[in-house]
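Read the figures in this text as sums done on the coordinates, not as results from a lab. Given the structure is predicted, the values throughout are model-derived calculations rather than measurements. Cβ placement follows ideal geometry from the backbone for every residue including glycine, while neighbour counts extend to all protein chains displayed.
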Amino acid sequence: MPALALVRRTLKTTALAAALSATLALPAFAQTTVKAVLYSPLRLLDPVANGGYVTQNHAYMIYDTLFALDANQKVQPQMVEKWEVSPDNKVYKFTLRPGLKWHDGTPVKAEDCVASIKRWAEVDKMGQVMMSFMKEMKATGDSSFEMVFETANGLVLPALSKPRAAAYMMQKRIVDATPATQPVKEHIGSGPFRFVTAEFKPGVQVVYEKNKDYVPRKEPASWLAGSKQANVDRVVWLSMPDHVTTVNALLNGEIDYMELVPYDLLPMVEGKPNIKVDTVDNTGQLTFFRFNFSQPPFNNKAMRQAAIASIDRGAIMKALVGNPKYYRACGSIYGCSNSSFTSNAGAEVLPSFDAAKAQAVTKQAGYNGPPLVILQPTDVAVLAPQPLVIAQSLRKAGWKVDLQSSDFQTFMTRRVNAGPVDKGGWNMFHTNLGTLDLADPIRALPVATNGAKAWNGWPDFADIEELRQKFARTPDLEEQKRIAGQIQKRVLEEGVMVPAGQFFLPTAFRTSLQNVVYAPIPVFWGMSKPAQN
């Protein structure tokens, strides 16, 4: 569940005071400092122990990755200088670039990378599958290591280059001392910025300084690949109490960058001098609904298909976003902008909404109550509208609905309850995920159908799991596409996840920031800003 709590409207004067005092506390000597407000304050620092989006954003500031995706979604080497793959796809050999250093001045070694991959793979789903095929991984020199697999597969480069929940490289001594489920206590990377521990105030301020020892790649910056040259001295992430305050700070030049602007506040910044508004992250979010397969009535396929026919997906997108500039119809479980596996497979089970036809299908399925319990978090604006539209559509088709509203934390707690509704369970909920987290059948958490081990909703379909394993073992992209299409068709037929559409979140920044790198992560390398006193 992406932490899109940027749209929670809470006013905390203490946080405002802290943010302003943090701004005033910045050094007064001439330097280039970029001040930014991200969608959520940073509190947790280890991207392996915590998968939150803002923690991942932090990781890209101070850590580096072996591979990365460029703007064309192609895998490019990052810390790696060269690599080779055996003809049978069972042996991968990697050589690191020369000159890589940790922020404490010590050289990056292959043994650091081996240790980092092992720790990351303990908790990362794609990493776990990759490691399940592996026979051995070891350093073969200070700057070289290899992976040997029992089973050929197509996961190695996709796993090591995926943008979210990435395999960030850390020092071996730190990794060895810290289980993957516990946060590291030292934050030493080899990336373009250094983390300033002394100035970190959890939830209020985080400060980064340019890593002057960083050796960037020669290729130009492209998405998360290429040069990561830091062209500013400091980057400061600040917390603000609400989005109106943040927008005003941007307009007044008190901050330079606002990661996500709520749709209803766009008129405050669009067309204003010195402000640029754009979709810096063009990958977007997929909004979709989920059934509880463990409880009636949605342990019945006919009921699920009737409910799908009874929901107006177009109305969901209009209510959620409104402005068609920022959303699109999308029926692919992999999203519709950045995946090699996007297709129309199974689209026939996602009909346009027709109340009369929906009533007939619902009657044929045999629904006669009790009311469906649908969960609605009311304090997150990108999650609150969807359940309202779903409830309205279902009622038009003859369903009874019990819309149960709560705050986001209560929603998250209740969502894990697989029990009947009279014991705190549920029948449906709606959520959003970044399309990068859905880009293939392995990393897409909602696509798993292994029963009690699956994501909230607990679908159980052995044939889909077999197809996912087949996908993972297939090194050929065209064959992977064919299998991914089969998976999508089965997922939509069974209603494992039902996409309503895809939406995009606008970013705003001052035009004094030049060469802003457009990427799915807010990155601060590449950009420049005039020096200031």
Computed [θ] at 222 nm, helices only, for the chain once each DSSP H run of length n ≥ 4 contributes -39500 (n - 2.57): -8000 deg cm²/dmol
Unit charges at the beta carbon, dipole of region 230-334: most positive-side option, 280, 333, 317: 333
Residue 274 label point, 7 Å along Cα→Cβ, cut-off 15 Å on backbone N: hits in region 488-512? 509-512
So for region 67-174, averaging the separation of alpha carbon pairs under 8 Å that are six or more residues apart and normalising by length, what relative contact order in percent results? 31
Where both residues lie in the chain, what percent of DSSP beta bridges are antiparallel, nearest 5? 80
Have a look at the DSSP beta bridges in region 285-503 and tell me what percent are antiparallel, nearest 5. 70
Nearest 20 debye, what's the magnitude of the dipole of the chain about its Cα centre given +1 on Lys and Arg Cβ and -1 on Asp and Glu Cβ? 540
Once normalised by the length of the chain, the mean sequence separation of its alpha carbon contacts under 8 Å that are 6 or more apart gives a contact order in percent of 21
Beta bridges per DSSP with both ends in region 67-174, % antiparallel, nearest 5: 100
According to the square roots a ≥ b ≥ c of the eigenvalues of the Cα gyration tensor, what is the shape class of region 67-174, taking rounded for a/c under 1.5, prolate for a/b larger than b/c otherwise, and oblate for the remainder? rounded
In the chain, if the dipole is taken from +1 on Lys/Arg beta carbons and -1 on Asp/Glu beta carbons about the Cα centre, which of 371, 291, 108 is farthest to the positive end? 371
Using Cβ counts within 10 Å as a stand-in for footprinting exposure, how do 330, 113, 336 rank, fewest first? 336, 330, 113
At 7 Å along Cα-to-Cβ for each site, give me the label-to-label distance between residue 88 and residue 177 in nm. 4.1
Under a Cβ-Cβ cut-off of 15 Å, what is the net charge of the residues other than residue 278 that fall near it, where Lys and Arg count +1 and Asp and Glu count -1? 0
Those lysines that a straight Cα-Cα span of less than 25 Å connects to residue 318, excepting residues fewer than 8 apart in one chain: 276, 357, 396, 400
Nearest-20 debye value, region 67-174 charge dipole, Cβ charges on Lys, Arg, Asp, Glu: 200
Relative to the first principal axis of the alpha-carbon coordinates of the chain, what is the inclination of helix 462-473, with its axis defined by its Cα atoms, in degrees from 0 to 90 and to the nearest 10? 30
Stretched fully, the stretch from residue 328 through residue 479 gains (0.36 nm per residue minus C-alpha distance, one decimal, in nm) 51.6 nm
Ranking 279, 362 by Cβ neighbours within 10 Å, fewest first, what do you get? 279, 362
I want the local charge near residue 85. Using Cβ-Cβ distances under 12 Å, sum +1 for each Lys or Arg and -1 for each Asp or Glu among the other residues. 0
Helix 385-396 versus the longest principal axis of the chain: what is the Cα-based angle in degrees, 0 to 90, to the nearest 10? 10
Cα centroid separation, region 443-518 to region 155-180 (Å): 21
Suppose every K and R has +1 on its Cβ and every D and E has -1 on its Cβ; what is the size of the dipole of region 123-216 about the Cα centre, in Debye to the nearest 20? 260
By how many degrees, 0 to 90 and rounded to 10, does the Cα axis of helix 477-494 deviate from the longest principal axis of the chain? 40
Once you have a ≥ b ≥ c as the square roots of the Cα gyration tensor eigenvalues for the chain, tell me rounded if a/c is under 1.5, and otherwise prolate or oblate according to whether a/b is larger than b/c. oblate
The pairs in 210/481; 74/210; 74/185; 101/529 lying past 32 Å Cα-Cα in this model are 210/481; 74/185
Could you please rank 470, 185, placing first whichever residue has the fewest other Cβ atoms within 10 Å of its Cβ? 185, 470
Select from 205, 239, 180 the residue farthest towards the positive end of the dipole of region 179-264; place +1 on Cβ of Lys and Arg, -1 on Cβ of Asp and Glu, and compute about the Cα centre. 180
Inter-label distance for residue 73 and residue 101, nm, one decimal - labels placed 7 Å from Cα along Cα-to-Cβ: 3.9
